[in-house]
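Student: Please see the structure below; I have some questions.
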Amino acid sequence: MIDKNSNILITGGAGGIGYELARTINDKVRSVGIIDNNSEKLNKINDSNSNFTLYDVDISNYDNLKNAIDDFYIKNGKIDCLVNCAAILVDKPLISISTETKSLSRLSIESWDKVIKTNLYGTYYASIEVAEKMIRTRTKGVIINVGSISSAGNIGQSSYAASKGAINALTVTWAQELSNFGIRVNTVAPGMTSTDMPLSAMSSDHLHQWKNKIPLKRFAKPSEIADAIIFCINNEYMNGRVLEIDGGLRM
């Protein structure tokens, strides 16, 4: 699937795992489209004289996302692979108590909605648009969702865990439905990875605690997760599965 005739679209492709994947496959495929709403990172990529096609889009906005996907499709004639990598993390318990004031604090509805809208709805929006185009062009494509081992449940991550658990269910469902059209669907579920998202969302103490829980005593490198995504793209018998890359960590 990753060859000189392949057109690959990556949401969340401007940072962390997404950009590492894009950088790794750039010279091995025909074209790489990057969808991200981090304009600063997109500008850095643009300044590097890369051959990527860049789209400054929030994937929770269906109309804007559809326009970006349509543009990439029209420019290239087909889409062979979609990698749903874009996600956000809010690290806050459902209910917490302040140690100083003893007051209760709730996970806000706004925070819940933002995470679910981005992680779950954004994955749905991108997948339904790309899958339809694959079917119309009779492309035997592949959709890779980037999940998380937090899908099993993780303290302080109600919205994030719920979104990733739902993505696991969608992976199995879509694999069963789309296999009739020659389209495979898989999920790569990273454990703790050295990217901006967890490093900025969690305190240093919290991050240190997690590192100590991992049998390998370190976070994953983005390149190690990118390698797993590439495996799931290239292995044509991998379908409807969740591949956990977690260093032995169990929630």
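The values are calculated or read from the model by the stated rules, or taken from the named source; none is laboratory data. Note that the coordinates shown come from a computational prediction; the quantities given were computed from them, not determined experimentally. Please note: Cβ atoms are built from the backbone with ideal geometry, for glycine as well, and neighbour counts cover all protein chains shown.
Student: What residue, among those in region 1-60 that are among the small types (G, A, S) and without any contact (Cβ under 8 Å) to a residue 60 or more places away in the chain, is surrounded by the most Cβ atoms within 10 Å (Cβ to Cβ)?
Tutor: A14
Student: Then there is this: Among the residues of region 182-200, which ones are small (G, A, S), modelled with pLDDT of 95 or more and crowded, with 20+ Cβ neighbours inside 10 Å?
Tutor: Pass one, region 182-200, residues small (G, A, S): 182, 189, 191, 194, 200.
Next, from what is left, pick out any that are modelled with pLDDT of 95 or more: 182, 189.
Within region 182-200, just A189 meets the criteria.
Student: Counting just the residues of region 112-141 that are of a type in the set (D, E, K, R) and either assigned to a helix (DSSP H, G or I) or at pLDDT below 95 (or both), which one comes out surrounded by the fewest Cβ atoms within 10 Å (Cβ to Cβ)?
Tutor: Start the filter on region 112-141 by keeping residues that are of a type in the set (D, E, K, R), which leaves 113-114, 117, 129, 132-133, 136, 138, 140.
If we keep only those that are either assigned to a helix (DSSP H, G or I) or at pLDDT below 95 (or both) too, we end up with 113-114, 117, 129, 132-133, 136.
Working: D113: 13, K114: 15, K117: 19, E129: 20, E132: 13, K133: 20, R136: 11.
Filtering region 112-141 for residues that are of a type in the set (D, E, K, R) and either assigned to a helix (DSSP H, G or I) or at pLDDT below 95 (or both), the one surrounded by the fewest Cβ atoms within 10 Å (Cβ to Cβ) comes out as R136.
Student: Right, another one. If Y237 meets every condition in (1) in a loop (DSSP other than H, G, I, E, B); (2) surrounded by 21 or more Cβ atoms within 10 Å (Cβ to Cβ) apart from one, which number is that one?
Tutor: (2) is the only condition that Y237 fails.
Student: Of the residues that make up region 64-74, is at least one farther than 22 Å from N145 by Cβ, out of contact with any Pro (no Cβ under 7 Å at 6 or more places or on another chain) and touching a residue at least 24 places away in the same chain (Cβ under 8 Å)?
Tutor: no
Student: Here is a follow-up. Kindly indicate whether any position in region 143-159 is assigned to a loop (DSSP other than H, G, I, E, B), closer than 23 Å to I2 by Cα and modelled with pLDDT of 95 or more.
Tutor: Yes, that holds for at least one residue.
Student: Just checking, does region 65-86 include any residue being modelled with pLDDT of 95 or more, surrounded by fewer than 20 Cβ atoms within 10 Å (Cβ to Cβ) and under 19 Å from the mean Cα position of the chain (by Cα)?
Tutor: Initial filter on region 65-86 (modelled with pLDDT of 95 or more): 65-86.
With the extra rule that they be surrounded by fewer than 20 Cβ atoms within 10 Å (Cβ to Cβ), the set shrinks to 66-67, 70-71, 74-78.
With under 19 Å from the mean Cα position of the chain (by Cα) added as a condition, the list becomes 66.
Within region 65-86, one or more residues are modelled with pLDDT of 95 or more, surrounded by fewer than 20 Cβ atoms within 10 Å (Cβ to Cβ) and under 19 Å from the mean Cα position of the chain (by Cα).
Student: Working carefully through the options S179, S203, find the one that is of a type in the set (S, T, Y), out of contact with any strand residue (DSSP E or B) (no Cβ under 8 Å at 6 or more places or on another chain) and either without any contact (Cβ under 8 Å) to a residue 60 or more places away in the chain or crowded, with 20+ Cβ neighbours inside 10 Å (or both).
Tutor: It is S203.
Student: Here is a further query. Among the residues of region 190-234, write down those that are basic (K, R) and assigned to a helix (DSSP H, G or I).
Tutor: Listed by number, the residues that qualify are K211, K213.
Student: Check region 233-248 and report whether any residue there is over 20 Å from the mean Cα position of the chain (by Cα) and under 18 Å from S150 (Cβ atoms).
Tutor: So in region 233-248, the residues over 20 Å from the mean Cα position of the chain (by Cα) come out as 236-237, 248.
Cutting the leftovers down to under 18 Å from S150 (Cβ atoms) gives us 248.
The answer is yes; a qualifying residue exists.
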